[in-house]
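The block underneath contains the structure these notes are about, expressed in structure tokens.
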Amino acid sequence: MFKKFSFLLPALMLLAASCGSGSSGHVALQATKQPLKYASLIDIERTDSFDIVRITNPWDTTRLLHTYLLVPDSINLPTDLPAGTIVRTPLKRAVVYSTIHTDLIRELGAFDAVKGVADVPYISDSLTLSKLATGEIIDCGMHTSPTIEKIIALETDGVLVSPYENSGSYGKLGQLGIPIIECADYMETTPLGRAEWMKFFGLLMGRFEEANDMFEAEENKYNTLKAKVAGVDYRPRVLMDNMYGGVWYVPRKDATISKYISDAGGRNPFDDISGSGSASLSGEKVIHTAGDAPLWLIRYSQSTPLTRSQLAAENNLYSAVEAFRNGNVWGANSSVEDYFSITPFHPSLFLDDLIKVIHPEVTDSLTNPRFFHKLL
């Protein structure tokens with residue numbers, strides 16, 4: 001990963017202005033690397049005056065995606081800063097594209113700093129919707145075509161986006177001079193790797209200590225759950241999801257869901273496919289490879305609970321899956337419980353659900369899985 005390259009600054013003396021007095025005098029500062037245990041796409045270094053955050057390009061890890069210089073707005077802007085996009089912190093008038101990140105910002109106690117959001121039709125959070133109704137938060141359009149005039153009118157001090165491959169300069173948005181903060185956390189390949197990005201959001205929102213404490217608590221919960229199944233002898237193959245548009249997207253070896261399955265004491269039938277993310281296969285290929293899986297977990301979104309009879313009516317291939325024949329199909333309905341927004345920074349909740357489904361014999365809880373239910 002890029003963080004292993006020679007971008008470390010501990011040996012480099014940086015020049016910065018002294019704090020608060022308005023003086024332009026220089027003081028030599030030492031940059032200290034912030035230890036990260038799981039995240040592979042982010043590198044944080046801290047000085048007495050500002051923080052340096054480097055984001056590795058997830059699609060070409062030999063290159064940087066972005067470098068940010070997080071400078072507290074309580075001090076004069078240091079001179080002779082290294083190259084990078086300057087972000088004044090804490091953010092006070094942010095536009096946030098993803099509800100995953102607005103939820104995290106709220107947990108960190110900085111929700112008042114969110115002044116604009118995108119993709120409002122997909123927001124289900126009641127607090128965000130109420131603030132939209134009162135005008136405390138502004139609808140800034142869809143992330144693919146944001147309303148530039150509204151972003152300007154908000155006097156935005158940062159736009160938090162989820163980058164994609166070859167996303168370029170973000171068109172007109174990139175010409176405004178407003179810091180575009182590329183949140184590539186979703187490209188991490190491990191649950192705790194993504195969760196550790198909350199430290200970056202803590203720095204942006206002036207809540208670093210809170211973020212650090214929250215991550216340590218989440219890490220402990222996750223690893224405690226993982227230890228419960230570390231010694232199990234039986235690790236069943238777990239088939240994930242179903243066909244969409246004639247294609248079945250299955251997790252590759254290094255996909256996040258594959259890591260979840262392994263940590264929950266199961267096996268991904270497709271871990272012979274290298275890489276991260278999903279592989280697109282035909283239904284016939286999936287059944288040939290994983291039709292004998294004794295467990296089948298489906299993530300879906302609809303107004304009514306998914307049923308086995310509905311599955312059978314959708315595609316007769318599904319009846320060839322062992323888990324279907326044995327009545328061991330489980331579903332998680334995101335329209336009822338929005339796990340896509342909850343679990344990225346609370347992966348222990350999803351792991352707990354998986355363990356309750358895959359290895360119920362090791363759980364000491366009388367509660368049912370939070371997200372998954374057995375299909376009738």
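The values are calculated or read from the model by the stated rules, or taken from the named source; none is laboratory data. What you are looking at is a predicted structure, and each value in this text was computed from that prediction instead of being measured. Cβ coordinates were reconstructed from backbone atoms using ideal geometry, including for glycine residues, and neighbour counts include every protein chain displayed. Each accessible area value is taken on the protein alone, full model and side chains, heavy atoms only, with ligands, DNA and RNA left out. Shrake-Rupley method; radii C 1.70, N 1.55, O 1.52, S 1.80 Å.
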I'd like the accessible area for TRP59, computed on protein heavy atoms only with a 1.4 Å probe and all protein chains in place. Round to 10 Å², please. 80
Other-chain or far-sequence residues with amide H under 5 Å of THR85's (modelled H): THR67, TYR68, LEU69
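Of LYS37/LYS253; LYS259/LYS374; LYS228/LYS259; LYS37/LYS92; LYS131/LYS259, which sit over 25 Å apart, Cα to Cα?
Table pairs above 25 Å Cα-Cα are LYS37/LYS92; LYS131/LYS259.
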So the label point goes 7 Å from the Cα of TYR234 along Cα→C-beta, right? Which residues of segment 279-322 then have their backbone N under 13 Å from it? 294-295
Would you mind working out the magnitude of the charge dipole of the chain relative to its Cα centre, with +1 at each Lys and Arg C-beta and -1 at each Asp and Glu C-beta, to the nearest 20 Debye? 480
Note, ³J(HN,Hα) from phi for segment 219-231, Karplus 6.51, -1.76, 1.60, rounded to Hz, x at Gly and Pro: 4, 5, 4, 4, 5, 5, 5, 4, 5, 4, 10, 4, x
Apportionment of accessible area to carbon and sulfur, the chain, percent (1.4 Å): 52
Compactness index (Cα Rg / 2.2 N^0.38 Å), segment 214-371: 1.02
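Could you sort LEU36, LEU295 by their accessible area in this structure, using a 1.4 Å probe and putting the largest first?
Values: LEU36 35, LEU295 10 Å².
Solvent-accessible surface, decreasing: LEU36, LEU295.
Assigning unit charges at the beta carbon (Lys, Arg +1; Asp, Glu -1) and nothing else, what dipole magnitude in debye, to the nearest 20, does segment 232-326 show about its Cα centre? Don't skip to the answer; put the middle values down first.
Working: 10 positive and 10 negative charges, 19 e Å.
Computed about the Cα centre, the dipole is about 100 debye.
Would you mind getting the accessible area per residue of the chain, heavy atoms of the protein chains only, 1.4 Å probe, in Å²?
On the way: 17230 Å² over 376 residues.
Accessible area per residue: 46 Å².
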Stretched fully, the stretch from THR61 through GLU155 gains (0.36 nm per residue minus C-alpha distance, one decimal, in nm) 30.5 nm
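Between SER280 and ASP139, what length in nm is gained on full extension when 0.36 nm per residue of separation is reduced by their alpha carbon distance?
Working: separation 141, 0.36 × 141 = 50.76 nm, distance 3.45 nm.
Contour length minus Cα-Cα distance gives 47.3 nm.
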Taking Rg/Rh (Cα atoms, Kirkwood Rh) straight from the coordinates, which label in (1) 0.96; (2) 1.01; (3) 1.06 is the correct one? (2)
Run the paramagnetic zone check for GLU216: 7 angstrom along Cα to Cβ, then residues of segment 87-114 with backbone nitrogen under 19 Å. 108-109
Quote the accessible area belonging to SER278 in square angstrom, nearest 10, computed with a 1.4 Å probe and with ligands, DNA and RNA left uncounted. 70
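For segment 52-123, give the magnitude of the charge dipole about the Cα centre (Cβ charges: +1 Lys/Arg, -1 Asp/Glu; no others), in debye to the nearest 20.
Numbers: 7 positive and 7 negative charges, 25 e Å.
My answer is approximately 120 debye.
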Pull up all non-local amide H partners of ASP119: gap of 5 or more, or a different chain, and H-to-H distance under 5 Å with H placed in the peptide plane. GLY141, MET142, HIS143
First measure r as the distance between the Cβ atoms of ASP272 and ILE148, then evaluate 1/(1 + (r/R0)^6) with R0 = 45 Å and state the FRET efficiency to the nearest 0.05. 0.45
